1. Give the stretch A:60-71 a look and list any residue that's at negative phi, assigned to a loop (DSSP other than H, G, I, E, B) and more than 9 Å from chain B (Cβ to nearest Cβ), or say none.
2. For the structure I just gave you, tell me whether residue B:460 is within 14 Å of chain A (Cβ to nearest Cβ) and in contact (Cβ under 8 Å) with a residue 60 or more places away in the chain.
3. Filter the stretch B:381-416 for residues that are exposed (fewer than 13 other Cβ atoms within 10 Å of the Cβ), in contact with a helix residue (DSSP H, G or I) (Cβ under 8 Å, 6 or more places away or on another chain) and of a type in the set (A, V, I, L, M) and give the result.
4. Can you report the number of residues in the stretch A:72-100 which are within 9 Å of another protein chain (Cβ to nearest Cβ), buried (at least 24 other Cβ atoms within 10 Å of the Cβ) and not in a helix (DSSP H, G or I)?
5. Of the residues that sit in the stretch A:199-235 and are β-branched (Val, Ile, Thr) and within 19 Å of the chain's Cα centre (by Cα), which one is surrounded by the most Cβ atoms within 10 Å (Cβ to Cβ)?
6. Answer with yes or no whether residue B:373 is over 31 Å from the mean Cα position of the chain (by Cα), surrounded by fewer than 16 Cβ atoms within 10 Å (Cβ to Cβ) and within 14 Å of chain A (Cβ to nearest Cβ).
7. Residue B:543 is checked against (1) aliphatic (A, V, I, L, M); (2) closer than 30 Å to residue B:156 by Cα; (3) at pLDDT below 75 and fails just one. What number does that condition carry?
8. Going by what's in this entry, would residue A:30 be described as under 21 Å from residue A:178 (Cα atoms) and either at pLDDT 95 or above or touching a Phe, Trp or Tyr at 6+ places or on another chain (Cβ under 8 Å) (or both)?
Amino acid sequence: MLEVKDMVVAYGRVNAVKGISFTVEEGQIVTLLGTNGAGKSTTLRAVSGLLKLVSGEIWFQGARLDGTPAHRVVELGIAQSPEGRRLFRQMTVEDNLKLGAYSRRDTAAIRSDMDRVYDLFPVLGSRRSEPAGLFSGGEQQMLAIGRAMMSRPKLLMLDEPSMGLSPIMTQTIMKTIRDLQADGVTILLVEQNAQAALSLADRGYVLEVGQIMFSDTGRNLLGDDRVKLTYLGAD
Amino acid sequence: MRVIISDETKVRFRYPARAVGIVGAVLMIVSIFLPWSYGSGALDDVGFYGAPSPLQFAFVVLPVLILLLLAIPLVGKQRLGQWAKTVAWNTSAKTASLATLATVLIGLAAIAIELKGLVNIDVGGFTALVGALLAAVATPFLPDSPEPTLARVKSPTWLQILGIVLMMAGVLFAAAFALNQTDAGAFLTFVAFLVGVVLVLRQLGVMAWIGIAGANNNRVLVLAAFATAFAFPFTQNGSDANMSIASQVLIFAAAALGLNIVVGLVGLLDLGYIAFLGAGAFTAAILSESAFSTLDFHPPFIVVVLISGTVASLLGLLIGAPTLRVSGDYLAIVTLAFGEIFRITMNNLDGNDGPNLTNGSNGIPGIPDLEFLGFNFGDAHVIFGVDIGRFANYYWLMLLVIALIIVVFMNLNYSRIGRGWVAIREDELAAEAMGVNTFALKLLAFAGGAFLAGVAGAVKAHHDVSVTPDQYVFLESAFLLAAVVLGGMGTVVGVLIGATILKLLPEKLRFFSDYRLLLFGLLMVVMMQFRPEGIVADERRQMEFHDEDEELAEEIEEELISHHAHLNPERRGFDL
């Protein structure tokens, strides 16, 4: 579904992503692991059209994606829940969700999708006319995911959805991600919580300073010594 | 600076405080029948026995209010019943007393300055001062009232509508009264009085009640507001002096509303906005029948308006397309420079270098009045026995333009485009990630705002009779921006109020003109310190300035509860 080939992305003269390649098959959950500065968020931003490639190619559903402006990328079916959630804090829950559906014009369907989000996260439904900034971290993460779902994406990219959340809240979010996959959404997940991410993922890629070091199935990576040492804190 | 008086002291002194306060209020009421000044050249002639001036008649409202607020609770809690808690008797009396003292002090200072010396203050002035001091010293010793619950009292629709109508009538009266004060001291005293009345009404809970009444009867409120604005020329008896100011205020307000889209909704800082007003004005002047017009093409005004707006928005696109891709600070610098380039270009298009379009610094004088469907805007006429002059015609035209702008603005604000704009203001990157075409939307706002300014400029050209480049200096851009910020970014009512203040005060306080900028600077600093969201706060914006402000969160919650209780027939949860 998504194929990234030898992608190089730079901020000014500094290459943040130094020629990575990976693929996401339809219906899979794929995770990118790595420490801070490994280039995970940069990769997501490049896919969603917020950053330009220096070289390399991105293909989505058999068509060339790189060079497409961000708002077109959303229309093609790729949604992103950005790092740090980046909600519109002064807008209500409802308006945040409406913005998530900005690329769509089918009002009735938007309405029913909104109800679906409220079903999934009842706390959002009961406080739908409150500004997003008043919500707790976990609730904001729910809203960020809900907002990204509102564009009815084929591919949903989540950037550290568990950041700053309690273990229980993390579990809830991870369960939601699995539910989304069951609904047929393909997911590209960026995480620092390798344990949680790998137990979900069909496939994982490990990034270090802008390069992919190795990749394998989620299950194999969970048992991999190198992963254990660096990301799972085992000795 | 807050003097803290302990609760025990307040309980101990509550009776003497009330008595002294009442004496003070009575003294002030008596004082209007005594001369405030020797001689009659001060304020609006306050030097007579037994014949209060209009200003004194208006002033007496505050002492009478104090008297009522202090005296009525004397009938006892039992007989007051629920009203004991519905109205904030004591706290309102305190606010009213302090406001009255401020008003008296300004009035006396005006007398002393205008008649040159404190000796010109007569017995009435001193009586008022003593009364105001007594009330202002005594009322803080009264126990604090609980928060007023007036807003939560259920009221029938007819009463709510009556309240709205009365408020609008009050606004109309106050506006006409303030504008008719030719004396600067009298104007200032009246403004102080008005601010006092508004503060007292707020304290009483009347403002909150009106707010809910307005929310429940939205259409009535809007209609009443426009009827009030429409009725204003009838209060002026054909006098052009005030109508000229009023029509200028509306032209300024229309431009400010355009800027409000760019700055208030989308968050783009435009420091050269006056250039768009100028572009509209010059276009209309060049296409007008003026003998100094440089083009031999004079279409009817309705076409001219569209051309003026289009020229302005094309300029907006021209300046926006290359700069809107960069972030805020660069845009501010580029627009600032653009404003200057516009003015200098208009100055130089005099035929010496390049074509003669604007006659250089002489500009285009002698622009004839508008002709519209056979109606000449320069003609005075009589409606309902009241003379309606030239400026009143322009005033009504601008009122119509502003009404259209407001309709467009409101529809945009709650539309898909409006949501996209606000999203860009809040977090441009996130908006882009959501699929908002940020560049196109910013460009649209820029061109749309410029179009509105161009339309306002086209009317301005005919209104002002002549158009010259030096009317469109950077300072005017700054004032437009100040009107938006002062009034409340992103709101319509706020920007209208801000525009009125910024245009009206300089006209009324001409003796102050040397210090005008100093005064505005101070005003802005004070506003930014104490109420950064502006006079009227945008509901979506308030959080920006008071993020994680517990008090505000509580306030919002309370407001929701009170609103809810108001809609709910059963009152509950607030009986103390």
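The values are calculated or read from the model by the stated rules, or taken from the named source; none is laboratory data. What you are looking at is a predicted structure, and each value in this text was computed from that prediction instead of being measured. Cβ coordinates were reconstructed from backbone atoms using ideal geometry, including for glycine residues, and neighbour counts include every protein chain displayed.
1. A:65, A:66, A:68 - these are the residues of the stretch A:60-71 that are at negative phi, assigned to a loop (DSSP other than H, G, I, E, B) and more than 9 Å from chain B (Cβ to nearest Cβ).
2. No.
3. Correct list: B:383 only.
4. Of the residues in the stretch A:72-100, 6 are within 9 Å of another protein chain (Cβ to nearest Cβ), buried (at least 24 other Cβ atoms within 10 Å of the Cβ) and not in a helix (DSSP H, G or I).
5. So the residue we want is A:206.
6. no
7. With respect to (1) aliphatic (A, V, I, L, M); (2) closer than 30 Å to residue B:156 by Cα; (3) at pLDDT below 75, residue B:543 is out only on (2).
8. Taking the combined requirement at face value, the residue satisfies it.
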